[in-house]
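Trainee: This is the structure I want to talk about, given as structure tokens.
The values are calculated or read from the model by the stated rules, or taken from the named source; none is laboratory data. The shown structure was predicted, so the numbers you read here are calculated from the model rather than taken from an experiment. Cβ: placed from backbone, ideal geometry, glycine included. Neighbour counts: every protein chain shown. Side chains are part of the model used for accessible areas, which takes the heavy atoms of the whole protein and leaves out ligands, DNA and RNA. Shrake-Rupley method; radii C 1.70, N 1.55, O 1.52, S 1.80 Å.
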Amino acid sequence: MHIGITGHRGLAADIEHQVRQLLDEALRSEDLAELTGVSCIADGPDAWFAEAVLRRGGRLEVVIPAKEYREGLPAWHHPAYDQLLRRASEVHRTGMVESDEAAHMAGSEILVELSDRLLAVWDGLPARGYGGTADVVAYAERLGVPVQVLWPRGATR
């Protein structure tokens, strides 16, 4: 089972704790021998999900949206990003260079296409920019990939 992740970055610490619990719950019933997480490993839900998959003994496939993607992530996240990338069993690339909205959406499209199911850490609101979580959810729904929304009750961003 290939499970992909999409979600909002920049969540508050109290929401992070709740989202990590929701991710753990979503993975609890998965057969570890068959579990492969698919993630762009950005800071936030992407990385938390990847860590949860690896902690359970699953495999990790990483999608890199652009050659300059890592540089566009917060510097404090680079060590975690690098560690997760080293642990990936497979890496997929879009071939794009600039880490912009188009590259992020292209990476998310690859992620969805690789996934049997998509977890979305999503508040249900429209995307704030092209390639945001709402756009990824809509793409998955167009392809018929089941989406499981994970959002703490009463949380806002």
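Trainee: Considering only residues that are out of contact with any Leu (no Cβ under 9 Å at 6 or more places or on another chain), outside any helix (DSSP H, G or I) and buried (at least 16 other Cβ atoms within 10 Å of the Cβ), which ones fall in region 72-116?
Mentor: Leu73, Thr94, Met96, Asp100, Ser115 - these are the residues of region 72-116 that are out of contact with any Leu (no Cβ under 9 Å at 6 or more places or on another chain), outside any helix (DSSP H, G or I) and buried (at least 16 other Cβ atoms within 10 Å of the Cβ).
Trainee: Return yes when Val145 is modelled with pLDDT of 95 or more, assigned to a loop (DSSP other than H, G, I, E, B) and open to solvent by 70 Å² or more (accessible area, probe 1.4 Å) and no when it is not.
Mentor: no
Trainee: Go through region 14-44 and give me each residue that's hydroxyl-bearing (Ser, Thr, Tyr) and either surrounded by fewer than 19 Cβ atoms within 10 Å (Cβ to Cβ) or more than 17 Å from Leu111 (Cα to Cα) (or both).
Mentor: The answer is Ser29, and nothing else.
Trainee: If you don't mind, another one. Within region 22-41, can you find the residues that are touching a Gly at 6+ places or on another chain (Cβ under 9 Å) and free of Cβ contacts under 8 Å to residues at least 60 places away in the same chain?
Mentor: Leu27, Glu30, Leu32, Ala33, Glu34, Leu35, Thr36, Gly37 - these are the residues of region 22-41 that are touching a Gly at 6+ places or on another chain (Cβ under 9 Å) and free of Cβ contacts under 8 Å to residues at least 60 places away in the same chain.
Trainee: What's the number of the condition Ala47 fails, among (1) in contact (Cβ under 8 Å) with a residue 40 or more places away in the chain; (2) open to solvent by less than 10 Å² (accessible area, probe 1.4 Å)?
Mentor: Failed condition: (1).
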